[in-house]
Amino acid sequence: MNEVAVRLGVNELIAAYVDCIDDDRLEDWPDLFVEQCRYVVTSRASHEAGLQHGVIYAASRGMLIDRITALRQANIFEPHRYRHIVGPISVEHVDATVASAHSNFIAVRVMHDGEMSLFAAGRYLDRIDVTSQPYRFIERLVVLDSQKIDTLLVIPL
Amino acid sequence: MNEVAVRLGVNELIAAYVDCIDDDRLEDWPDLFVEQCRYVVTSRASHEAGLQHGVIYAASRGMLIDRITALRQANIFEPHRYRHIVGPISVEHVDATVASAHSNFIAVRVMHDGEMSLFAAGRYLDRIDVTSQPYRFIERLVVLDSQKIDTLLVIPL
Amino acid sequence: MNEVAVRLGVNELIAAYVDCIDDDRLEDWPDLFVEQCRYVVTSRASHEAGLQHGVIYAASRGMLIDRITALRQANIFEPHRYRHIVGPISVEHVDATVASAHSNFIAVRVMHDGEMSLFAAGRYLDRIDVTSQPYRFIERLVVLDSQKIDTLLVIPL
């Protein structure tokens, strides 16, 4: 693998992830994962304790699709959007087929009336399939700094 | 165009943009645009509705210069500065002369007494002239997530 | 020096810096600096006035180690962590041995009870030794936008 090419591909995947969530194109979001993926939103305390579950847990792309379908049908939450800001991305090769990456992020939440607040901060821990273009997530762990967020979390982070 | 070179040039332009605003070197700001440029600050709702105007609108470098002159003379606002944080920048070639880019940003506002707040969040949608160094903006759309910001906006974002 | 390689090395150093602080691996932090280093946290007003001191000042790696030792022993402050978000990094070669870099950052503070706030915003001004891998800081100036922060600052920024 050419190192610069891998970095560019990882950057594009992470940017595409943020774009489809922040643009409310949530139906495109599961397609950024491989079929047999793992997506977990957890807190730092749970992650450091080695717990495998989280406030959101999905073990396949199908579960991600189900989540978006449910979110669209439910509509019991007050409409809001996120704006993600991701910091510099660290990329390491695992082997010829997988790269690992980690990055810091914050998510600003914008309510329908324009009210804006710092909603979440944390870290992305990723394993990425680099065997075909575009790259896809094998695993994305979203490790939140705060545990206070749980009940408000509807849209994936 | 060499892809990595274009990415570096785009990154430098976007970093220079933020630096001159955050350092209060606003007189350098218009020079980051081509003569026949377009600079618009708008809200997501207006942008998605296809409206061409914005809370700030300039259709030439001269209008950008006028804006800074007015801002320096007026001085009716409480002194403040911004600190911009820009996320990963996505770059696409349009053709041999133009690149397009988009990125997420937040702007923290720092008042003279040190009071600090999350002032703006949104997206930069750019078209960039890559025919000569340094690169310059042909168009920069600043699409704000919130519509509540209008009356407070003095310094460009 | 190959320009892309230098940029990657600088990015890795700055990401490693943030990681060891945000992960509370503070004992690893001094090792990111050369022996004869300079680390200063100051305010924009002091920096622009040309003042050399700061709210934190260290003139050697030993002083950085002392600071962490004191912080670990004292424990008189309420436990908290940071989450840094760093924007795009501008890198310039100074000569064959030194690179200079600057970047914007914010630090979110997360208290033990999960309370989260925008704690600091500012700029990193770096001089970096690029003669051996991994790169190390010769000088890191942390220029804070606000002067209100002083008494709360325990963990390095």
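The values are calculated or read from the model by the stated rules, or taken from the named source; none is laboratory data. Predicted, not measured: the structure shown is a model, and the values here were computed from it. Because the Cβ atoms are built from the backbone with ideal geometry, glycine has one as well, and the counts that use them run over all protein chains shown. These accessible areas exclude ligands, DNA and RNA; they are computed on the full protein's heavy atoms, side chains included. Shrake-Rupley method; radii C 1.70, N 1.55, O 1.52, S 1.80 Å.
Looking at B:S146, is it hydroxyl-bearing (S, T, Y), more than 15 Å from the chain's Cα centre (by Cα) and under 20 Å from A:G114 (Cα atoms)?
When the stated conditions are applied, B:S146 passes them.
If we scan the stretch B:18-41, do we find a residue that is outside any strand (DSSP E or B), open to solvent by 50 Å² or more (accessible area, probe 1.4 Å) and within 14 Å of chain C (Cβ to nearest Cβ)?
yes
What tally of residues in the stretch A:133-153 results from selecting those that are surrounded by fewer than 20 Cβ atoms within 10 Å (Cβ to Cβ), touching a residue at least 40 places away in the same chain (Cβ under 8 Å) and in a loop (DSSP other than H, G, I, E, B)?
Total meeting the criteria: 4.
Identify the single condition in (1) assigned to a strand (DSSP E or B); (2) within 18 Å of C:T42 (Cα to Cα); (3) modelled with pLDDT under 95 that C:P156 does not satisfy, given that it satisfies every other one.
(1) is the only condition that C:P156 fails.
What do you reckon, is B:A107 within 21 Å of B:F33 (Cα to Cα) and free of Cβ contacts under 8 Å to residues at least 60 places away in the same chain?
It is true that B:A107 is within 21 Å of B:F33 (Cα to Cα) and free of Cβ contacts under 8 Å to residues at least 60 places away in the same chain.
Conditions: (1) in contact with a Phe, Trp or Tyr (Cβ under 6 Å, 6 or more places away or on another chain); (2) under 13 Å from B:V34 (Cα atoms); (3) open to solvent by 10 Å² or more (accessible area, probe 1.4 Å). B:V130 meets all but one. Number of the miss?
(1)
I'd like to check which strands (runs of 3 or more DSSP E) are fully inside the stretch C:49-126 and have at least 3 residues that are closer than 23 Å to B:N104 by Cα, open to solvent by less than 20 Å² (accessible area, probe 1.4 Å) and more than 8 Å from every other protein chain (Cβ to nearest Cβ).
Here the list reads C:98-111.
Can you pull out the residues in the stretch C:1-15 that are in contact (Cβ under 8 Å) with a residue 40 or more places away in the chain and open to solvent by 40 Å² or more (accessible area, probe 1.4 Å)?
Across the stretch C:1-15, the qualifying residues are C:M1, C:E3, C:N11, C:E12.
Considering only residues of the stretch C:127-157 that are of a type in the set (A, V, I, L, M, F, W, C) and over 22 Å from B:R83 (Cα atoms), which is farthest from the other protein chains (Cβ to nearest Cβ)?
C:I138
Could you list, in sequence order, all residues of the stretch C:98-157 that are among the hydroxyl-bearing types (S, T, Y), within 19 Å of C:L8 (Cβ to Cβ) and in contact with a strand residue (DSSP E or B) (Cβ under 6 Å, 6 or more places away or on another chain)?
Passing the criteria: C:S100, C:S103, C:Y124, C:Y135.
Is there any pair with a first residue in the stretch C:27-50 that is touching a residue at least 60 places away in the same chain (Cβ under 8 Å) and a second that is among the acidic types (D, E) and surrounded by 20 or more Cβ atoms within 10 Å (Cβ to Cβ) whose Cβ atoms are under 7 Å apart and which are 6 or more apart or on different chains, and what are they?
Filtered contacts from the stretch C:27-50: C:R44/C:D145.
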